[in-house]
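The values are calculated or read from the model by the stated rules, or taken from the named source; none is laboratory data. Values in this document were obtained by computation on a predicted structure and should not be read as measured data. Virtual Cβ from ideal backbone geometry, glycine too; neighbours counted across all protein chains shown.
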Amino acid sequence: MRQAQLFRLSMSGPNDVSAIKELIETKKISASEIIAVMGKTEGNGCVNDFTRGFAVQSLQTLLRQYVSDTKLNSIGITISGGTEGGLSPHWLVFTAHTVEVPDNSQRRQKSLAFGTATTASIKPWELGRLPQVTAVSDAVQKAMERAGISESKDVHFVQIKCPLLTSDQTSQTYQGHTTVTQDTLKSMGFSRGASALGVALALGELNPNDVTDNDIGQNHSLYSAKASCSAGVELDYCEILVMGMSKDWIGDLHINHGVMRDAIDVEPLLSILSPLRSGSNFQLSKDEQKDVVAVLAKAEASISGDIRGQRHTMLNDSDISSTRHARGFTGGAIAAVIGHTSLFVSGGAEHQGPDGGGPVAAIYKMP
């Protein structure tokens, strides 16, 4: 039987893999048991954020010392750029440790489970359109199967790394096909949105007939409550990591999720953490903080231009992308609850939760 382990590790820069190396060298984990790695880097999170590719390259260089190329290629790697405000760059390392369980033992509760899958390459003219939606939906179902999660209600968070369009790609015509946009920055939003709708289809949040090409990036009433999508130039396919609960896994790690209705809605997070909170304090105590292994969230500047009736200016800044404002702002709100800043807050929440809000999940140890 598999036992999930998750390690949150600091990094001094996108090339700093020393904490992961120490885990392996001290035999706290086996590199062969690594299933996925997520990372938050200090780049701008936009088209030209090369910290993402730098982190992937640095991680692969390290792991190649311990595992075969076949194993290395099976490890899901998702790097999200942008640690604005007080957010801290960090790694999240997911491992699956095999443990012996007596045949006559009774399985009690579901435990944290995760699985990965990838799509085929997304063609430039498919990005941000229904072919990408379908490809992601199929891959999410495959990742669920690998995780031993049979019911969509047991899925609590789906992290996706998806491609974007480069200027070379947007300038070409492909046998009569054109790209969804000529703007490389906007292509990130189309890719995130199509990926999120793929999650919604896979989990039964939407039906196939609910989504058309014209809905992607436009119909904000369509969304997944469990998708978190990040676009980058470092890959041309979609990398999927499904996280949920399964009786096929054992251990004390649990995951739960909620949906923030706007950038300062921390009530869903407080509800998720209710099994850990023993007092009435808003911020977790130091003892309670130790049981929270990871917090994952999406952030987005509301298209309406306001937050609870008050005007915001995130969409009017021509110097800094609104996704950067949103990460720092929502990250601060969540950090006030958690009590630290190593939070995986990703910007750009197209079809990922309601306008201005987004999914939030916590992975924690049950007391």
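Values computed for the structure shown
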read-out	value
Close pairs (7 angstrom Cβ cut-off, 6 or more residues apart or separate chains): over 21 Å from L164 (Cα atoms) in the range 195-207, among the small types (G, A, S) and assigned to a loop (DSSP other than H, G, I, E, B) anywhere	E205/A225
Residue check, I122 in the same structural domain as G193 (by TED's automatic domain parsing) and closer than 24 Å to E145 by Cβ	yes
Restricting the range 133-164 to residues that are in contact with a Ser or Thr (Cβ under 6 Å, 6 or more places away or on another chain) and closer than 17 Å to A4 by Cβ, the residue that is surrounded by the fewest Cβ atoms within 10 Å (Cβ to Cβ)	G148
Y174, sole failed condition from (1) over 18 Å from the mean Cα position of the chain (by Cα); (2) assigned by TED's automatic domain parsing to the domain that holds V17	(2)
Residue match in the range 100-117 (condition: in contact with a strand residue (DSSP E or B) (Cβ under 6 Å, 6 or more places away or on another chain) and closer than 30 Å to I320 by Cα)	no
All positions within the range 286-321 that are within 20 Å of E84 (Cα to Cα) and over 19 Å from the mean Cα position of the chain (by Cα)	S302, I307, H312, T313, M314, L315, N316, D317, S318, D319, I320, S321
Where a residue in the range 171-191 is among the polar types (S, T, N, Q) and its partner, wherever it lies, is modelled with pLDDT of 95 or more and in a helix (DSSP H, G or I), with Cβ under 8 Å and at least six apart	T179/S187; T181/S187; T181/F190; S191/Q132
Residue identified as buried (at least 18 other Cβ atoms within 10 Å of the Cβ), over 18 Å from the mean Cα position of the chain (by Cα) and either in contact (Cβ under 8 Å) with a residue 12 or more places away in the chain or within 30 Å of R146 (Cβ to Cβ) (or both) among H325, H257	H325
Residue match in the range 280-299 (condition: within 30 Å of S167 (Cα to Cα) and not small (G, A, S))	yes
Flag for L296 being more than 21 Å from G193 (Cβ to Cβ), in contact with a strand residue (DSSP E or B) (Cβ under 8 Å, 6 or more places away or on another chain), touching a residue at least 24 places away in the same chain (Cβ under 8 Å) and buried (at least 17 other Cβ atoms within 10 Å of the Cβ)	no
Single residue of V345, V337, V266 found to be among the β-branched types (V, I, T) and touching a Lys or Arg at 6+ places or on another chain (Cβ under 9 Å)	V345
